[in-house]
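Note sheet for the following structure.
The values are calculated or read from the model by the stated rules, or taken from the named source; none is laboratory data. Fair warning: this is a prediction, and the values are worked out from it, not measured in the lab. Counting neighbours? That spans all protein chains shown, and the Cβs are built from the backbone with ideal geometry, glycine included. In case anyone asks, the SASA skips ligands and DNA or RNA and just uses the protein heavy atoms, side chains included. Shrake-Rupley method; radii C 1.70, N 1.55, O 1.52, S 1.80 Å.
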Amino acid sequence: GENVEQHPSTLSVQEGDSAVIKCTYSDSASNYFPWYKQELGKGPQLIIDIRSNVGEKKDQRIAVTLNKTAKHFSLHITETQPEDSAVYFCAAPPGGNAGNMLTFGGGTRLMVKP
Amino acid sequence: KAGVTQTPRYLIKTRGQQVTLSCSPISGHRSVSWYQQTPGQGLQFLFEYFSETQRNKGNFPGRFSGRQFSNSRSEMNVSTLELGDSALYLCASSPGLFQETQYFGPGTRLLVL
């Protein structure tokens with residue numbers, strides 16, 4: 001099955017700095033890579049996703065890059081703000097016809113200091 | 001469009017009891033997946049339903065079961081509760097079946113005493 005590893009587990013940055021979170025996956029047949037943000041007491045919220053036919057996708061201050069050869073993808077947040085503080089999860093589906101199931105990374109707790 | 005809703009939001013049970021959790025997907029979504037979230041194991045896939053049929057199942061014991069109704073609403077059941085079943089149970093819905101975006105509900109927090 002799919003194995004997803006996420007680093008770092010915690011990340012502290014100063015407001016206005018950039019934050020980068022990296023994930024690796026094991027199943028070369030995976031072709032969909034979402035990122036979720038989870039705030040305290042809430043369910044995960046999709047913030048950006050990328051499919052394997054593109055190498056980068058950007059949405060305002062958030063971007064995701066994908067390297068299929070190396071089997072890793074990264075989340076980039078620029079100009080961080082205190083409201084970006086949350087736990088971030090990457091995920092990947094197992095290859096083949098496995099429906100919508102996702103294997104999640106262990107999460108990164110991002111703290112943005114004002 | 002209303003998001004994914006889950007009921008109840010909080011639940012306290014004792015060992016040996018059983019529990020049923022409910023999930024209403026986003027209108028028009030036909031796939032419902034369930035995940036368990038714990039501090040130790042993180043987010044783990046339980047099962048997925050599409051058109052009232054279980055399509056995928058994670059590595060959980062048979063005490064965990066689910067079903068989906070014709071209106072796409074889903075329930076999951078845990079029988080003979082154990083202390084280790086204490087977790088946040090999350091439901092996610094998707095429009096279709098294959099690698100589509102999943103939208104999560106707020107979860108049901110289950111505490112087993």
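All told, residue B:84 falls short of being assigned to a loop (DSSP other than H, G, I, E, B) and either surrounded by fewer than 16 Cβ atoms within 10 Å (Cβ to Cβ) or free of Cβ contacts under 8 Å to residues at least 12 places away in the same chain (or both). Residues to consider are B:33, B:72; find the one that is assigned to a strand (DSSP E or B), surrounded by 14 or more Cβ atoms within 10 Å (Cβ to Cβ) and of a type outside the set (A, V, I, L, M, F, W, C). Checking each option against the conditions leaves just B:33. Which residue out of B:108, B:14, B:38, B:20 is of a type in the set (Val, Ile, Thr) and over 14 Å from the mean Cα position of the chain (by Cα)? So the residue among B:108, B:14, B:38, B:20 that is of a type in the set (Val, Ile, Thr) and over 14 Å from the mean Cα position of the chain (by Cα) is B:14.
From the list A:86, A:63, exactly one residue is among the small types (Gly, Ala, Ser), under 27 Å from residue B:58 (Cα atoms) and more than 12 Å from chain B (Cβ to nearest Cβ). Which is it?
Values: A:63 fails: under 27 Å from residue B:58 (Cα atoms).
Answer to the check: A:86.
Filter the range A:59-80 down to the residues that are over 23 Å from residue A:14 (Cα atoms) and among the aliphatic types (A, V, I, L, M), then identify the one that is most open to solvent (accessible area, probe 1.4 Å). Step by step, filter the range A:59-80, then rank; the result is A:70. All conditions in (1) more than 9 Å from every other protein chain (Cβ to nearest Cβ); (2) closer than 22 Å to residue A:94 by Cα; (3) buried (at least 19 other Cβ atoms within 10 Å of the Cβ); (4) not polar (S, T, N, Q) hold for residue B:60, with the sole exception of (3).
Checking the range B:5-15 against the condition returns a match, with at least one residue being part of a strand (DSSP E or B), over 27 Å from residue A:3 (Cα atoms) and among the basic types (Lys, Arg).
Hey, does the range B:10-23 have a residue that's more than 10 Å from chain A (Cβ to nearest Cβ), hydrophobic (A, V, I, L, M, F, W, C) and either free of Cβ contacts under 8 Å to residues at least 24 places away in the same chain or open to solvent by 20 Å² or more (accessible area, probe 1.4 Å) (or both)? I'd like the intermediate steps shown before the answer.
Step one: list which residues in the range B:10-23 are more than 10 Å from chain A (Cβ to nearest Cβ), which gives B:10-23.
Cutting the leftovers down to hydrophobic (A, V, I, L, M, F, W, C) gives us B:11-12, B:19, B:21, B:23.
Going one step further and asking which of them are either free of Cβ contacts under 8 Å to residues at least 24 places away in the same chain or open to solvent by 20 Å² or more (accessible area, probe 1.4 Å) (or both), we end up with B:11-12.
Yes, the range B:10-23 has at least one match.
In summary, strands (runs of 3 or more DSSP E) completely within the range A:1-89 and bearing 2 or more residues that are free of Cβ contacts under 8 Å to residues at least 40 places away in the same chain occur at A:45-51, A:56-59, A:62-67.
Within the range A:46-53, not a single residue is within 14 Å of chain B (Cβ to nearest Cβ), over 16 Å from the mean Cα position of the chain (by Cα) and among the charged types (D, E, K, R).
So that you can scan it fast, the table gives a plain yes or no per residue for (1) over 30 Å from residue B:9 (Cβ atoms); (2) modelled with pLDDT under 95:
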{"position": "A:10", "(1), (2)": "no, no"}
{"position": "A:34", "(1), (2)": "no, no"}
{"position": "A:40", "(1), (2)": "no, yes"}
{"position": "A:63", "(1), (2)": "yes, no"}
{"position": "A:67", "(1), (2)": "yes, yes"}
{"position": "A:75", "(1), (2)": "no, no"}
{"position": "A:82", "(1), (2)": "no, no"}
{"position": "A:91", "(1), (2)": "no, no"}
{"position": "A:99", "(1), (2)": "no, yes"}
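Looking across A:56, A:83, A:5, A:15, one residue alone is within 23 Å of residue B:42 (Cβ to Cβ) and open to solvent by 60 Å² or more (accessible area, probe 1.4 Å). It is A:5. Just to be sure, is residue B:51 over 14 Å from the mean Cα position of the chain (by Cα) and either open to solvent by 50 Å² or more (accessible area, probe 1.4 Å) or farther than 25 Å from residue A:35 by Cα (or both)? Yes. For the range B:91-113, taking the residues that are open to solvent by less than 50 Å² (accessible area, probe 1.4 Å) and in a loop (DSSP other than H, G, I, E, B), the one that is farthest from the other protein chains (Cβ to nearest Cβ) is identified as B:96.
Name the single residue, out of those in the range A:18-40 being touching a Gly at 6+ places or on another chain (Cβ under 9 Å) and among the small types (Gly, Ala, Ser), that is most open to solvent (accessible area, probe 1.4 Å). In this case the residue turns out to be A:28.
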